[in-house]
Amino acid sequence: MAAGTDELYEPRREDCPWCGSHRLRTRLRTGDLRHRTPGRFAVDACRDCGHTFQNPRLTAQGLALHHGVPGPGLPAARHHHRSAARAVRQRCPEPESWLDVGTGHADFPATAREVFPYTSFDGLDPTSRVERARAAERVEEAFVGRLTDPHIRTLLRARYDVVSLLHQLEHAPDPRAELRAALHVLRPGGHLLVETTDPGSLFAALLGRWWPPYDQPRRPHLPTPANLCAELRAQGCTVLAVDRAGHLPHDLAGALGTALSHALPAPDTPWRATPPTPLQRRLRQALLRAAVPLVAAAGAADHALAPLARHSRLANTCRILARKDTASPPGLPRQT
């Protein structure tokens, strides 16, 4: 890091990576609020199509720098996973094969199997976690890599009845290419389940850079539900359902937790310039204890608002279910 951070960024874009419009606005500028890794990050939005993206993006070197530093993640309760699986069951009662993309430890397949006991679940993940999931018999087959890897596309072409992309498009370098790759491994008539952060959530406007789903610098894109549905239709799919039932009640508690961890970083926080003194450690512990009721109240408010959020623009997540109606998606991925 002695040479600086300029080599960690690509040149700034003057156009939208989704629609090509030059009408951009900056939504926020922030650092890594949770881990204090080096650098400043800007998130822009397209005034025409609404696509929200990191600008400038991190280079491969920048991505490698932040790869080993986990973000706060999204709460993934069993009832949420069951809800996602049941959304598919309404349209596809008994799929033979299902690929969960970015499966990690395969928490989703393990829960979805309760709804689909006769379905064969496979997992794809860029890390070796998926192999441990296979060893634990949470998935039948494990694939290490990304959907857009040529060998994965060749190996898995038209193999699955259902593919799930649960909060994966936000992390993809090219969400459009990721979406088309998912369709590539679906059989004709197969179903694609997408859950993605909605940048149009009112919580995003309310909380600004503290909104947990921004999670800079680990989320280069926040595609809008409208753009995703338009792309799916352009690729020969029928969009069967679009709803906010996938809302995750963590906005207020997550924002408060992020603010606390930023203001009171842990002694072992990566990139911390100097270790805290004993007095600073004691003060941090006292302040964190005092903040516990506030975090609990924020969490309770999140859950109290959840029924309203799932039927309004407060929702932080959009769930899309689509059916692939053509043998192969037309066209090639547009590079972003």
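The values are calculated or read from the model by the stated rules, or taken from the named source; none is laboratory data. As the structure is a prediction and not an experimental result, all values here were calculated from the model. Cβ placement follows ideal geometry from the backbone for every residue including glycine, while neighbour counts extend to all protein chains displayed.
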Yes/no for L279 being part of a helix (DSSP H, G or I), free of Cβ contacts under 8 Å to residues at least 60 places away in the same chain and surrounded by fewer than 12 Cβ atoms within 10 Å (Cβ to Cβ): yes
Residue, surrounded by the most Cβ atoms within 10 Å (Cβ to Cβ), within the range 135-158, restricted to residues that are touching a Gly at 6+ places or on another chain (Cβ under 8 Å) and under 14 Å from L99 (Cα atoms): V139
Some residue of the range 225-238 being at pLDDT 95 or above, in a strand (DSSP E or B) and surrounded by fewer than 18 Cβ atoms within 10 Å (Cβ to Cβ): yes
Answer from L260, L252 - the residue that is within 26 Å of S201 (Cβ to Cβ) and either in the same structural domain as F203 (by TED's automatic domain parsing) or touching a residue at least 40 places away in the same chain (Cβ under 8 Å) (or both): L252
Qualifying position, being over 19 Å from the mean Cα position of the chain (by Cα), modelled with pLDDT under 95 and within 20 Å of P173 (Cα to Cα), among E14, E10: E10
Residues that are of a type in the set (D, E) and surrounded by fewer than 17 Cβ atoms within 10 Å (Cβ to Cβ), drawn from the range 17-51: D48
Condition met for R132 (of a type in the set (K, R), surrounded by fewer than 19 Cβ atoms within 10 Å (Cβ to Cβ) and modelled with pLDDT under 95): no
Unmet criterion (only one of (1) outside any loop (DSSP other than H, G, I, E, B); (2) closer than 22 Å to E178 by Cα; (3) modelled with pLDDT under 90) for V242: (3)
Given (1) within 30 Å of A158 (Cβ to Cβ); (2) at pLDDT 85 or above; (3) of a type in the set (G, A, S), index of the condition A296 fails: (1)
Yes/no for P199 being assigned by TED's automatic domain parsing to the domain that holds T154, crowded, with 20+ Cβ neighbours inside 10 Å, within 24 Å of D149 (Cα to Cα) and out of contact with any helix residue (DSSP H, G or I) (no Cβ under 7 Å at 6 or more places or on another chain): no
Residue within the range 75-82 that is at pLDDT 95 or above and not in a loop (DSSP other than H, G, I, E, B) present: no
Condition check for A226: free of Cβ contacts under 8 Å to residues at least 24 places away in the same chain and within 23 Å of H311 (Cα to Cα): no
Flag for C49 being at pLDDT below 95, over 17 Å from the mean Cα position of the chain (by Cα) and either of a type in the set (F, W, Y) or in a loop (DSSP other than H, G, I, E, B) (or both): no
Count of the range 261-287 residues which are within 23 Å of the chain's Cα centre (by Cα) and either modelled with pLDDT of 95 or more or of a type outside the set (G, A, S) (or both): 2
